[in-house]
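For reference, the structure is listed below as structure tokens.
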């Protein structure tokens, strides 16, 4: 017998079920789905339509399924990630289901379904990503981080245990993308000027905050480029990973597998006689304390935090066990931002807290939090 398949039902998601290489959707009527299988199927959960099974030899089912997913394994990953990059995706998500793998692109801040593959084929994809990303292929029950290069596309990968194995998210790093400047990041003129005034300070801590994918790294790179142009000091950048090469700036990649963490790198950097230090992210109390001490002892320190707004940033800083006196004396400013979709473009929403010290005037961060106000320091257009 020859399998005759209605192409409109090839989307296996319509059935809400997919048994490993065991059936092919054939047709759809008003009240039923027709499927071809070589064995008796378990109850297929479908709330609206009954399932009618037609039996075919196993080799016919396997051959047909193989033809559906007979992509060239040597080029599939490259074509997938090239397509994601050309679409402007920031991330590619691989989510395991019970019998399938769903692939999504993060486009303009939204998760958009790209395709669904049967699990036997997807297993090969997972193995290749983990192998090339220097992760342990055999480990599926704990998170792993790695770096992946396919063609000219560089990615940071992260695995997470799930009910059906481990999911993978790949963050695309486009090193060929043009650099943004402070003037082109999307800040209103008033906030641009506030940021430049912060950067003119000789020492202190400046934080860029916002949720994942809010453009924090883009803003920080623009700030570093401005500092390189305007100052003659030594600039050291600690990053995980290095997303773009910044001419004239010493960039050091974090490697947690070798115990080269942000805190370890920051302590080593302080012995390198830097003027300006960029710490990619403050993730723990140790790094926060070291960064604050560096800011207090005469260095200009730039870093990022995953917080939603200025007020939550101040709460977070308090929760990192920082000395309130050092914090009030050393904090120079906070830039909180997020990307918001408007039509087919993403626009930047931001608020800035600029702190200018005159004489011995200190910022009472506790008062800021307790009263929920930013006094005259907040510029929120």
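Bear in mind these aren't lab numbers, they're just calculated from the coordinates by the rules spelled out. Note that this is a predicted model, so its numbers are computed, not measured. Counting neighbours? That spans all protein chains shown, and the Cβs are built from the backbone with ideal geometry, glycine included.
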Per-residue Cβ contact counts at 10 Å, fewest first, order 185, 309 as 309, 185
In range of the label at residue 108: residues from segment 338-354 whose backbone nitrogen is under 11 Å from the point 7 Å along Cα→Cβ:
341-347
What spacing in nm lies between the two simple spin-label points modelled at residue 344 and residue 297, each 7 Å away from Cα in the Cβ direction?
5.4
Could you give me D for segment 73-173, from Stokes-Einstein at 25 °C and 0.890 mPa s, where the hydrodynamic radius is the Kirkwood radius over C-alpha pairs? Units µm² s⁻¹, please.
183
Neighbour-count order for 169, 92, 149, fewest beta carbons within 10 angstrom listed first
149, 169, 92
Per-residue Cβ neighbour rank within 10 angstrom, fewest leading, 124, 226:
124, 226
Expressed in nanometres to one decimal, the distance between label points 7 Å along Cα→Cβ at residue 230 and residue 189 is 1.7
Using 0.36 nm per residue of separation minus the Cα-Cα distance, give me the extension gain between residue 49 and residue 149 in nm, one decimal.
31.5 nm
Taking all pairs of distinct Cα atoms, average 1/r, flip it, and tell me the Kirkwood hydrodynamic radius of segment 182-379 in Å to one decimal place.
17.0
Test of understanding: what is the full-extension gain from residue 318 to residue 123, defined as 0.36 nm times their sequence separation minus their Cα-Cα distance?
65.8 nm
Beta bridges by DSSP in segment 182-379, antiparallel share as percent, to the nearest 5
35
Estimated inter-spin distance, residue 200 and residue 98, nm [label 7 Å along Cα→Cβ]:
6.5
